[in-house]
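Written out below as structure tokens is the structure these notes cover.
Every number in this text was worked out from the coordinates using simple rules, so none of it is lab data. Because the structure is a prediction, the values reported are computed rather than measured. Don't worry about glycine lacking a Cβ; one is built from the backbone with ideal geometry, like all the others, and counts go over all protein chains shown.
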Amino acid sequence: MRRVRSLVALVSVLLTIPALAAKDKPVFALESDVIAARPEVAAALKAALAAPEEAAPWRALGRALAAQGAYEDAARAFRRAAKAAPKIAGVWADLGATFVRAGDPRSALQPLRRAVKLEPYLAVAHYSLGLANQALGRYDDALDEFEIAVTIDPTLGDARTNPDVVGNTLVPYAKIRARQRAAASAAPFAGPR
């Protein structure tokens, strides 16, 4: 309990450093003191506040917060990372995946599309875009994105390496379509007889 209090105190001090705060507002305030007390979150927050113009510490903070289920805070951290490095597709993919996990697939579409545009072979971005489309009822679009994702990285369709696949009925169809297209493109065209 004493350690938790000291971590909360450290986070409170870091959030109110006058040199970093504008008009006595914290640079980055977390919604929950319980989340801020987690050692991995506190360390990531300290690193992000130490280098507020760099993307990597904000991305690490976003990932730590998302792992704790603090999706709103994670999205804010990923936005800071995206502002610092707008051409890094992984940051946009992380932001979109966070929106999907938070149950806001509509908000996930724009960052995920941007990630795919920046890096077309980023399988995780295609997979997350498929999840967002599936949640919105756009099953054809979701199936297309899942197919692209499992073509780029076949492990995304395997429940042993990707637990999100369990219960997802579209991913097996996407794997079948990817195999059929690969087989069709590998077979020489015989032409009409």
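A compact table of results
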{"read-out": "Peptide ranges 153-160, 128-135 listed from the most packed, as the mean C-beta count within 10 angstrom indicates", "value": "128-135, 153-160"}
{"read-out": "Projected label distance in nm at A67 and K46, using a 7 Å step from Cα toward the beta-carbon", "value": "1.6 nm"}
{"read-out": "Three-way shape call for segment 36-164 based on the alpha-carbon gyration tensor, with the a/c threshold at 1.5", "value": "prolate"}
{"read-out": "Viscosity 1.567 mPa s, temperature 4 °C, Stokes-Einstein D of segment 57-128 from Kirkwood C-alpha radius, µm²/s", "value": "113 µm²/s"}
{"read-out": "Burial ranking of peptide ranges 110-123, 70-83, 164-177 (average Cβ count within 10 Å, highest at the top)", "value": "70-83, 110-123, 164-177"}
